[in-house]
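J.: Can you keep this structure in mind? I'll have questions shortly.
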Amino acid sequence: MFNEKSTVKRIVSISAAAVCMLSALKVAPIADFEADAAKTMSAFEITENMTIGWNLGNTLDAIGDEKHTGVNTETAWGCPKATQELFDAIKAKGFNTVRVPTTWFQHLDENNNIDPAWMARVKEVVDYGIKNDMYIILNVHHENWINRNDLLTAYDEINPKLMKIWTQINEEFKDYDQHLIFECLNEPRAVDKPYEWWSASPVQESDVINKLEHNFVDLIRNSDSPYAKTRLLMLPGYCASHELVFIEAIDLPKNDPYLAVSIHAYSPYNFTMNTDASQGAQHDTFTDKYRTELNGILTNIRNTFIDNNVPVVIGEMGASNFGNTEARCEWANTYITTAKKYGIPCVLWDNNTVTNTKDPGECHGYINRETYQWYSESEKVVDTMMSVINDDSIAWGSEGHLPEVTHQTLSDGTVFLEGPVEIDDAKSETFENTTPGKDITWAELENKEVAIKFTGATPFLSFSNEGYGNWTELSPYEVDKENGIAYYLMSQLPDAWGKDTAEIAHMQSRTPSQTTIQSITILAEPTGEIQLPEETSKIVKIDLSEADRADTLEVIVSAPAGTELTGGLGYMLDEWTQKLWDGTIGADGTLKVEFSLSDIPESVTQAEFQVWGNFDKVTDVKYSFVGAQQPTTEPTTSDPMPAVTPGDATGDGKVNLNDAVAILQYVALANKYPLPCPQNADIDGTAGINGMDALVIQMVDAKLIKQEQLPLPAGYVLPL
């Protein structure tokens with residue numbers, strides 16, 4: 001299984017960092033492909049037919065002990081032996097794929113020959129699914145000679161053994177058709193390294209994994225199997241992670257249309273597995289923040305691979321049973337709905353454990369493997385998944401490709417920096433991790449986009465004030481990988497900057513690893529439908545440069561009374577650090593949140609106050625530094641967010657004919673008459689601001705409709 005790093009990760013809204021959209025990772029067809037197309041499924045046909053899957057976890061992948069040797073290792077972790085009846089029950093529930101995690105190292109002789117009895121047992125289990133016309137994923141799992149601390153330098157030791165194992169597996173199953181899928185590795189990683197499960201930058205071990213997987217593909221494709229060229233092969237990246245930094249490092253062999261990326265995503269981690277409340281773990285409710293985070297992860301996967309004609313299989317996913325069945329059902333509905341729209345089959349992890357007081361994050365039991373009955377704590381979750389799969393209104397792969405966006409050519413733009421400039425994250429102390437800071441103004445950037453032509457790691461675009469303070473970064477919203485161009489949308493910058501845009505003075509590029517910047521060019525705003533992820537939080541930047549560390553940071557959050565809020569105060573030390581907070585808005589419409597500045601090192605000059613849960617209901621955030629006797633500074637406010645009062649389009653606190661006039665002016669000439677509070681104007685029960693909204697306000701003024709009724713529900717019939 002994939003356990004995300006246990007330290008708190010930075011929660012970033014789209015205003016702070018846009019998700020990369022890689023737009024040109026193309027896979028060309030094999031020119032000499034000779035299979036009969038009428039009888040051979042394409043890779044995407046295979047993944048669509050897989051629909052949804054189930055993992056035979058903690059069984060053939062179990063590691064034996066003194067009491068469990070040979071074929072009896074299958075029961076070493078407490079699961080009974082797999083049976084045809086179990087596979088029949090899985091099929092009857094609606095699953096069309098079974099992943100069979102298999103550990104091989106304990107069944108090898110000194111020459112790495114697989115024990116024939118073990119191979120026969122694996123074949124027997126695979127056949128349980130094949131007999132049911134199911135798709136079977138067979139892999140190499142829990143191999144401690146692969147997952148090791150010295151992975152970076154162990155290629156020469158790993159490769160011969162791995163190829164020997166796969167040679168034998170391939171020979172045993174060579175006559176099995178496209179229903180059998182091979183997955184090269186499980187979660188290859190550098191064990192006990194600080195970056196074992198998560199890293200902010202690429203790790204060199206990715207290169208070792210890529211080499212091993214290229215060899216695996218060559219081995220299978222050059223074998224004498226009749227399905228050598230058309231068997232779907234699943235290739236994971238580093239630790240099979242969904243993190244963008246790792247999936248970007250995956251190097252697929254070229255010109256092979258039967259490869260799929262293998263990803264594990266127990267996401268969002270704070271909902272699905274994390275048990276540490278101090279790190280933000282919460283399981284009772286599948287919140288809007290969780291929903292947005294999950295959709296962002298799946299969107300990243302779609303944008304990187306599916307949109308570029310590379311299939312993906314999420315080989316492991318799940319949400320541990322915390323006694324939160326209803327919340328898990330909401331999670332399952334969101335997960336499978338989005339994955340189905342993107343055309344990504346998901347394979348549910350099942351370890352046959354329903355409750356575990358010692359490790360409650362590992363309760364992934366769905367079916368009782370002795371009675372073949374579904375556990376009551378989890379059956380509703382599975383039924384929710386199946387209802388999505390069987391819902392014909394949700395079309396498989398209907399949103400697998402991004403809308404077309406047209407960019408101005410680089411030659412027609414304004415060159416800001418001409419390279420090449422080599423930048424390296426390891427040289428940050430000498431400021432060689434960024435391009436030179438060059439002057440820029442908001443007037444030069446407004447209504448524009450910036451394009452960076454580069455090779456190497458995808459860079460960030462950075463902005464700062466005259467003294468290089470208020471450092472702000474954007475990630476590209478689209479990357480043309482084929483041509484090496486990253487695009488950054490400037491309409492995102494004001495929210496990310498968080499202050500007066502007139503203070504923007506410098507623009508430069510920073511690398512998360514190693515990058516060569518060929519050029520930075522300012523282009524006209526792109527045309528077409530641009531898809532950006534939803535915001536996941538509200539962020540207010542806190543300037544600590546003048547604060548006395550003896551003071552207290554006092555933050556006043558405004559929102560409707562009774563609103564429950566969660567969030568964190570984040571800042572960068574060696575890694576991103578969070579101080580979590582939560583509270584409920586009082587009857588006066590405010591909540592006070594306090595932080596002792598003595599806990600924050602003097603070297604930290606900037607922080608971010610983040611609101612996560614119900615962030616969209618927050619109308620204002622103000623902060624001040626309070627000493628023992630009195631405030632040391634005047635309260636500082638973020639850009640004010642007018643209260644959400646349906647009908648109050650002018651923001652004056654009233655709903656009257658002035659609002660109707662403002663709406664009509666806006667509808668007629670939006671550029672000339674912008675609405676102060678557009679979030680209050682759409683009240684007639686239909687989407688969009690139009691003349692009917694103004695008519696509703698006139699009816700409120702004439703007392704034909706009560707103001708308390710606003711906004712009107714969909715389908716409301718006006719009393720005309």
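No value in this document is a laboratory result; all are computed from the given coordinates. Keep in mind the model is a prediction, meaning the values are calculated, not measured. Reconstructed Cβ throughout: ideal geometry from the backbone, glycine too, with neighbour counts over all protein chains shown.
J.: For the range 538-637, just say rounded, prolate or oblate: build the C-alpha gyration tensor, square-root its eigenvalues into a ≥ b ≥ c, call rounded for a/c under 1.5, and beyond that prolate if a/b exceeds b/c, oblate if not.
T.: oblate
J.: I've got another one for you. Over the chain, what is the relative contact order in percent, taking alpha-carbon pairs closer than 8 angstrom and at least six residues apart?
T.: Working: 1524 pairs, mean separation 89.7, N = 720.
12 percent.
J.: Could you list Ile169, Ile522, Ile423 so that the one with the fewest beta carbons within 10 Å of its beta carbon is first and the one with the most is last?
T.: In order of increasing Cβ crowding within 10 Å: Ile522, Ile169, Ile423.
J.: Calculate the spin-label point distance for Asp391 paired with Asn72, positioning each point 7 Å from the Cα along the beta-carbon direction, and give it in nanometres.
T.: 4.8
J.: Taking a label point 7 Å from the Cα of Lys81 along the Cα→Cβ vector, which residues of the range 115-135 have an amide N closer than 20 Å to it?
T.: 115-132
J.: Set the Förster distance to 22 Å, then compute FRET efficiency between Glu422 and Asn483 from the Cβ-Cβ distance, nearest 0.05.
T.: So the FRET efficiency works out to roughly 0.65.
J.: Radius of gyration and Dmax for the range 197-327's Cα atoms, expressed in Å?
T.: Values for the range 197-327 (Cα only, Rg and Dmax): 17.2, 55 Å.
J.: Where a Cα-Cα gap under 25 Å defines reach, which lysines qualify for Lys438, not counting those fewer than 8 residues away within the same chain?
T.: Excluding near neighbours in sequence, the set is Lys427, Lys448, Lys453, Lys499, Lys541.
J.: Sequence neighbours fewer than 8 away in the same chain don't count; with that in mind, list the aspartates and glutamates whose C-alpha is under 13 Å from Lys131.
T.: Glu85, Asp88, Asp177
J.: In nm, to one decimal, how far is the modelled label at Glu404 from the one at Asp251, with both set 7 Å along Cα→Cβ?
T.: For the pair Glu404/Asp251, the computed spacing is 3.3 nm.
J.: Along the charge dipole of the chain, Cβ charges K/R +1 and D/E -1, which of Asn321, Ala681, Thr434 sits furthest on the positive end?
T.: The listed residue farthest towards the positive side: Asn321.
J.: A further question on this structure: With 26 Å as the limit, write out which pairs from Lys93/Lys229; Lys654/Lys703; Lys164/Lys193; Lys91/Lys174 have Cα-Cα distances beyond it, or answer none. Don't jump to the answer; show the numbers that get you there.
T.: Details: Lys93/Lys229 32 Å; Lys654/Lys703 15 Å; Lys164/Lys193 28 Å; Lys91/Lys174 24 Å.
Distance filter (> 26 Å) returns Lys93/Lys229; Lys164/Lys193.
J.: Still on this structure, I have one more. Where the Cα atoms of the range 643-720 are projected onto their three principal axes, how long is each span, largest first, in whole Å?
T.: Between the extreme Cα coordinates on each principal axis of the range 643-720 lie 32, 22, 20 Å.
J.: Pop a pseudo-label 7 angstrom from the Cα along the beta-carbon direction at both Gln665 and Ala587 and give the gap in nm to one decimal.
T.: The two pseudo-label positions are separated by 3.9 nm.
J.: Report the FRET efficiency, 1/(1 + (r/R0)^6), for Phe431 and Asp383, where r is their Cβ-Cβ distance and R0 is 45 Å, rounded to 0.05.
T.: E between Phe431 and Asp383, to the nearest 0.05, is 0.20.
J.: If packing is taken as the average count of other Cβ atoms within 10 Å, what order do 146-158, 331-343 fall into, highest mean first?
T.: Most protected by this proxy first, the peptides run 331-343, 146-158.
J.: Please identify which residues in the range 312-343 have an amide N closer than 16 Å to a label point set 7 Å out from the Cα of Gln279, following the Cα→Cβ vector.
T.: Correct set: 320.
J.: For each of Cys239, Cys677, count neighbouring Cβ atoms within 10 Å of the residue's Cβ, then give the residues from fewest to most.
T.: Cys677, Cys239
J.: Principal axes first, then extents: for the Cα atoms of the range 498-543, list largest minus smallest coordinate on each axis, whole Å, largest first.
T.: 34, 32, 26
J.: Considering the zone a paramagnetic label at Asp359 would reach in this model (a point 7 Å from Cα along the Cα-to-Cβ line), which residues of the range 284-324 have amide N under 18 Å from it?
T.: 316-323
J.: Rounded to the nearest 20 Debye, what is the dipole magnitude of the chain about its Cα centre when Lys and Arg each give +1 and Asp and Glu each give -1 at the C-beta? Before the final figure, lay out the partial values.
T.: Details: 51 positive and 107 negative charges, 201 e Å.
That gives the chain a dipole magnitude of about 960 debye.
J.: What list of ³J(HN,Hα) values in whole Hz, one per residue of the range 487-499 in order, does the Karplus curve 6.51 cos²θ - 1.76 cosθ + 1.60 (θ = phi - 60°) give from phi, with Gly and Pro shown as x?
T.: 10, 10, 8, 6, 5, 7, 5, x, 5, 5, 5, x, 9
J.: Quick one: grab Rg to one decimal and Dmax as a whole number for the range 44-389, Cα atoms only, in Å.
T.: For the range 44-389, the Cα radius of gyration and maximum Cα-Cα distance read 19.0, 55 Å.
J.: Now for a different question. Using a Förster distance of 30 angstrom, determine the FRET efficiency expected from the C-beta separation of Asp156 and Asp224, and round it to 0.05.
T.: My answer for the efficiency is 0.65.
J.: Sticking with this structure for a sec: If you count the DSSP beta bridges with both ends in the chain, what percent of them are antiparallel, to the nearest 5? Mind dumping the intermediate values first?
T.: Working: 77 of 104 bridges.
Percentage antiparallel, nearest 5: 75.
J.: Could you work out how far helix 205-221 tilts from the main Cα principal axis of the chain, as a 0 to 90 degree angle to the nearest 10?
T.: 50
J.: Magnitude of the Cβ-charge dipole of the range 365-428, K/R +1 and D/E -1, about the Cα centre, nearest 20 debye? Display every interim value, and only then the final one.
T.: Numbers: 3 positive and 13 negative charges, 43 e Å.
For the range 365-428, the charge dipole is close to 200 debye.
J.: Show that you can apply the helix-only estimate: for the chain, add -39,500 (n - 2.57) for every DSSP H stretch of four or more residues, divide by all residues, and state [θ] at 222 nm to the nearest 500.
T.: -6500 deg cm²/dmol
J.: What is the gain in length, in nm to one decimal, between Leu573 and Thr455 on full extension, counting 0.36 nm per residue of separation less the C-alpha to C-alpha distance?
T.: Details: separation 118, 0.36 × 118 = 42.48 nm, distance 2.86 nm.
Between Leu573 and Thr455, full extension yields an extra 39.6 nm.
J.: Right, something else. Calculate how steeply helix 325-342 sits against the longest principal axis of the alpha-carbon atoms of the chain, using the helix alpha-carbon long axis, and give the answer as 0 to 90 degrees to the nearest 10.
T.: Tilt relative to the chain: about 80 degrees.
J.: Next up: Can you give the alpha-carbon Rg of the chain over 2.2 N^0.38 Å, where N counts its residues? Before the final figure, lay out each step's value.
T.: Numbers: Rg = 27.9 Å, N = 720, 2.2 N^0.38 = 26.8 Å.
Dividing the Cα radius of gyration by 2.2 N^0.38 Å gives 1.04.
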